[in-house]
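**Student:** Can you read through this structure? Questions will come right after.
We did not get these values from a lab; they are worked out from the coordinates using the rules stated. The model shown is predicted, which means the values in this text are computed figures rather than measured ones. Here the Cβ positions follow ideal geometry from the backbone for every residue, glycine too, while neighbour counts run over all protein chains shown.
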Amino acid sequence: MLKRIGAKTCISSNVDEIEQAEKIILPGVGHFDFGMRNLKQSGLIEVLNKKVLKDKVPLLGICLGAQLLGNRSEEGVEKGLGWINMDVVKFDSVKMPENYKIPHMSWNEIEIKKSSKLLEGLNNKSRFYFVHSYHMKCNDENDVLTNTNYGYEFTSAVEKDNIFGVQFHPEKSHKFGMKLLDNFVKI
């Protein structure tokens with residue numbers, strides 16, 4: 001999707017290449033603890049902290065990558081990166097209608113909660129593709145960028161300074177995902 005919008009890309013877990021990055025996308029699919037352990041074992045946490053927190057390089061976390069931006073997850077015991085004051089919680093089936101299945105695996109609309117360069121040209125009818133059993137729960141409402149309803153309202157995107165996270169998959173979300181990624185590249 002990034003190549004399609006004309007962005008120069010490099011997929012890497014090499015510290016030296018990440019040190020040169022002008023933007024960073026932290027993808028992820030799978031288990032929270034596995035994702036954090038991989039970041040630790042690969043030696044990337046130090047360079048990510050420097051690039052994101054000190055150098056203020058824009059970072060976009062996608063799906064598990066967005067969840068790793070928070071403090072912790074009910075899915076495991078590892079601490080998250082702690083860049084956004086949020087926790088990751090499992091969908092509460094008690095709050096959901098009977099016919100709703102977990103994982104949330106479908107197209108769904110976002111509800112924009114604040115203005116953001118990441119969302120320019122998108123609106124509350126913009127649809128994205130979701131695949132997840134856990135979701136972000138912000139402890140500071142100022143960090144909530146979008147909400148989505150799946151049985152109940154949950155945080156589907158976050159933003160704090162140069163740090164962005166989306167629970168959905170923009171790379172699988174056709175024109176809306178392409179627009180969001182194009183916006184990120186231009187930040």
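**Student:** Can you grab the distance from the C-alpha centre of region 30-97 to the C-alpha centre of region 153-170, Å, no decimals?
**Tutor:** The two parts, judged by their Cα centres, are 12 Å apart.
**Student:** Please list, in order along region 37-42, the HN-Hα scalar couplings obtained from phi with the Karplus expression 6.51 cos²θ - 1.76 cosθ + 1.60 (θ = phi - 60°), rounded to whole Hz, x for Gly and Pro.
**Tutor:** Computed from phi, the couplings for region 37-42 are 5, 4, 4, 5, 5, 7 Hz.
**Student:** Kindly give Rg over Rh for region 15-186, based on alpha-carbon atoms, with the Kirkwood expression for the hydrodynamic radius.
**Tutor:** Rounded to two decimals, Rg/Rh equals 0.95.
**Student:** From zero outward in steps of 5 Å, how is the percent of C-alpha pairs of region 1-78 spread across the bins?
**Tutor:** Histogramming region 1-78 at 5 Å steps yields 3, 13, 25, 26, 18, 10, 3, 1 percent.
**Student:** Ranked from highest to lowest mean number of other Cβ atoms within 10 Å per residue, what is the order of the peptides 38-46, 137-145?
**Tutor:** 137-145, 38-46
**Student:** Along the charge dipole of the chain, pointing to its positive end and built from +1/-1 on Cβ of Lys, Arg, Asp and Glu, which listed residue (I5, L145, L26) has its Cα farthest out?
**Tutor:** Result: I5.
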